[in-house]
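Colleague: One structure follows; several queries about it will come next.
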Amino acid sequence: MAQPILKNIPLDQLRISKLNMRHSRKKPDVSDILPSIREGGIRQTLLVRREGDHYGIVAGRRRFFALKEIEKETGKVPMVPCAIMREEDAASAIAASVIENVGRLPASEMEQYTAFKRLHDEGRAVEDIAAFFGVTLLLVRRVLALASLAEPIRKLYAGDEIDRETIRALTLATPEQQADWLRLFESEDARAPMGRTCKAWITGGTIITTDKALFDLAGYDGLITADLFGEHGVFADADAFWTAQSAAVAQRIEAYLGEGWKDVVCLERGQYFQRWDHVTKTKKAGGKVFVELRHDGSVTFHEAYISQAEARRQEKEKRGGDDPSSAPVKPEMSGPLAEYILLHRHGAAQASLARQPAIALRLMVAHAMTGSALWTIRAHECGSRKDATRASLEASTAAADMAAKREHVANLFAALGVSGEARRNGDAYRLCEIFAALLAMSDAEVGEVLAFTMAEILEAGGPVVEAVLHVCETDLSACWKPEPAFFDLCRDKRAINAMVADIGSGSLAATCVTDTAKVQKTLIGNRIAGEACEPNPDWRPVWMQVPPARLVDGAGSAPADAWARIAGLFEDGGDNAQSDAGTFAEPDAA
């Protein structure tokens with residue numbers, strides 16, 4: 001920028017320049033600087049440029065409004081010391097405005113976009129803009145990526161009607177997709193996708209990034225969309241990706257078989273490999289390779305495992321006996337019922353963990369050391385196929401407890417002027433913003449944030465939920481009670497009759513053993529309500545007690561099986577058991 005001319009200019013000849021990045025914002029609060037300006041005048045010149053018959057203020061907007069207040073008080077038009085720029089030096093004017101505002105208060109992304117785009121339109125290269133402001137090339141490209149958005153969408157973002165995650169997702173959208181999204185947003189009947197859902201909507205339902213590919217990207221014929229807000233590109237066509245990925249997986253399978261592995265089992269896409277339900281077995285001893293395919297495109301090869309059932313069969317064959325007790329027994333729960341039970345137990349474990357910072361800390365450290373299916377990091381999301389199960393979970397006491405805890409944590413951050421919403425998208429600025437807020441919190445407040453965060457990322461349906469329920473001494477009866485959704489999912493007459501015996505008596509169960517499941521479930525409901533008997537509102541099936549148990553001897557039971565695997569680690573008398581809850585002390589200050 002050329003050397004400006006210094007001159008005193010009457011206040012009534014000054015306006016806020018359109019090159020000032022905050023020219024359209026509402027009148028600022030100047031109460032903090034007004035007393036000093038009233039007493040000693042302006043100590044720093046305003047940066048202005050000639051704009052028609054007046055001068056436009058490029059930098060010094062708050063000082064200008066403070067002087068306007070003084071003009072009202074005194075009735076006199078003050079003379080203002082100004083540095084006058086050349087009219088043609090628009091790029092430097094924009095840069096000066098950005099520098100002044102960012103130095104005082106972090107500018108919004110849309111304000112940066114406006115300034116950076118004007119600089120770019122004035123002929124400044126991306127590299128020059130980045131060097132001038134001391135930011136990375138990636139930051140400038142991300143801000144300028146907003147230029148690909150339709151003007152109505154940018155206005156929505158500028159007006160805080162859509163969030164940052166949504167606007168970043170929309171930078172991946174074609175003009176046609178943006179138009180479709182706007183129609184959904186403006187519709188009274190439909191709802192436009194937001195946040196992570198928006199990105200999935202744009203990419204066809206599943207977000208698959210290029211780092212998940214097992215194949216060479218150079219030979220991939222499909223479309224890859226550049227994502228400036230992520231570390232990797234995004235596959236635009238999920239089907240095309242899976243065609244290439246499946247071919248690469250097939251090559252790996254052939255390689256494993258060629259190396260002498262007994263078998264390679266490829267699980268259905270989305271199915272978890274439950275390590276706790278398998279035992280290790282070397283290649284020479286007949287171990288297999290299990291291939292886990294996730295909907296996000298990642299593939300994991302689990303080497304040297306066989307299932308627990310296969311291990312039992314091998315042990316039986318090794319003994320050479322014919323043990324009738326080893327015959328397969330029909331599980332007492334259907335798949336949907338097991339899911340229902342496990343998800344409700346998970347909700348109770350979440351709510352308990354959110355109240356136990358010391359235990360959550362230890363669990364979080366364990367996760368960090370050993371990992372889990374959720375440790376990407378992302379929050380648990382209910383993936384039940386049953387609408388009734390999802391509705392039941394949403395209406396549960398545990399969900400209400402988590403919502404209250406979420407609001408409390410949000411308030412802790414809001415008190416520091418920061419949003420506490422979890423956005424696990426790798427944004428470095430957001431990371432530092434949260435870090436700075438945590439530094440300002442007390443140890444106890446950080447512990448509450450930690451406990452809630454651990455509760456949100458607690459994996460459902462495995463031994464860890466049972467461990468949490470046990471060590472937190474959770475009262476499941478306070479979190480759940482028998483309800484229509486539960487009874488609708490109960491199908492096994494053996495289990496239902498066992499519940500009749502539990503809430504009534506063995507003789508009662510014997511008299512109705514031949515009745516239909518519907519009749520027996522009605523009987524259980526009547527016993528709970530106290531129809532022709534003493535009410536028993538606190539009754540809970542053993543599936544929903546701590547620890548859980550099975551209703552049918554020898555039958556498979558998801559919660560009971562999970563607890564049986566780890567019970568020795570936590571029950572009194574075990575070498576690793578904790579008999580005194582007070583042993584889990586609160587963490588010391590760092």
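The values are calculated or read from the model by the stated rules, or taken from the named source; none is laboratory data. Only a predicted model underlies this, so the values are computations on that prediction, with no experimental measurement involved. Positions of Cβ are generated from backbone atoms using ideal geometry, with glycine treated the same way; all protein chains shown enter the neighbour counts.
Colleague: Looking at the stretch 208-229, is at least one residue under 30 Å from Lys283 (Cα atoms), modelled with pLDDT of 85 or more, in contact with a Phe, Trp or Tyr (Cβ under 9 Å, 6 or more places away or on another chain) and charged (D, E, K, R)?
Modeller: Yes, the stretch 208-229 contains a residue that is under 30 Å from Lys283 (Cα atoms), modelled with pLDDT of 85 or more, in contact with a Phe, Trp or Tyr (Cβ under 9 Å, 6 or more places away or on another chain) and charged (D, E, K, R).
A quick yes/no check of all residues on (1) touching a Cys at 6+ places or on another chain (Cβ under 6 Å); (2) more than 24 Å from Ile224 (Cβ to Cβ); (3) touching a residue at least 24 places away in the same chain (Cβ under 8 Å):
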{"residue": "Ala147", "(1), (2), (3)": "no, no, yes"}
{"residue": "Glu151", "(1), (2), (3)": "no, yes, no"}
{"residue": "Tyr157", "(1), (2), (3)": "no, yes, yes"}
{"residue": "Asp163", "(1), (2), (3)": "no, yes, yes"}
{"residue": "Arg168", "(1), (2), (3)": "no, no, yes"}
{"residue": "Thr174", "(1), (2), (3)": "no, no, no"}
{"residue": "Trp181", "(1), (2), (3)": "no, no, yes"}
{"residue": "Leu184", "(1), (2), (3)": "no, yes, no"}
{"residue": "Thr197", "(1), (2), (3)": "no, no, no"}
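Colleague: Please determine, by comparing only the residues of the stretch 69-85 that are under 51 Å from the mean Cα position of the chain (by Cα) and closer than 16 Å to Asn8 by Cα, which one is surrounded by the fewest Cβ atoms within 10 Å (Cβ to Cβ).
Modeller: Ile84
Colleague: Just give me the residues in the stretch 547-559 being among the hydrophobic types (A, V, I, L, M, F, W, C), buried (at least 20 other Cβ atoms within 10 Å of the Cβ) and modelled with pLDDT under 90, in sequence order.
Modeller: Ala558
Colleague: Still on this model: Checking Pro81 against (1) under 30 Å from Lys155 (Cα atoms); (2) at pLDDT 85 or above, which single condition isn't satisfied?
Modeller: Every condition holds for Pro81 apart from (1).
Colleague: Ok, one more. Residue check, Glu459 against (1) assigned to a helix (DSSP H, G or I); (2) modelled with pLDDT of 80 or more, all met but one. Which one?
Modeller: Every listed condition holds for Glu459 apart from (1).
Colleague: Right, next: I'm trying to understand the selection: among the residues of the stretch 162-190, which are surrounded by fewer than 17 Cβ atoms within 10 Å (Cβ to Cβ), modelled with pLDDT of 80 or more and more than 21 Å from the chain's Cα centre (by Cα)?
Modeller: Pro175, Glu176, Gln177, Ala179, Asp180, Leu182, Arg183, Leu184, Glu186, Ser187 - these are the residues of the stretch 162-190 that are surrounded by fewer than 17 Cβ atoms within 10 Å (Cβ to Cβ), modelled with pLDDT of 80 or more and more than 21 Å from the chain's Cα centre (by Cα).
Colleague: Which of the residues that make up the stretch 31-56 are under 12 Å from Ile16 (Cα atoms) and either assigned to a helix (DSSP H, G or I) or touching a Cys at 6+ places or on another chain (Cβ under 8 Å) (or both)?
Modeller: Correct list: Leu46, Leu47, Val48, Tyr55.
Colleague: If you go through the stretch 49-68 one residue at a time, how many are loosely packed, with under 14 Cβ neighbours inside 10 Å and either of a type in the set (Lys, Arg) or under 47 Å from the mean Cα position of the chain (by Cα) (or both)?
Modeller: 1
Colleague: Moving on. Answer yes or no: is there a residue in the stretch 312-332 that is assigned to a helix (DSSP H, G or I) and touching a residue at least 60 places away in the same chain (Cβ under 8 Å).
Modeller: yes
Colleague: Checking the structure you have, find out if any residue of the stretch 429-444 is under 17 Å from Gln350 (Cβ atoms), at pLDDT 85 or above and not in a loop (DSSP other than H, G, I, E, B).
Modeller: No - not one qualifying residue is present in the stretch 429-444.
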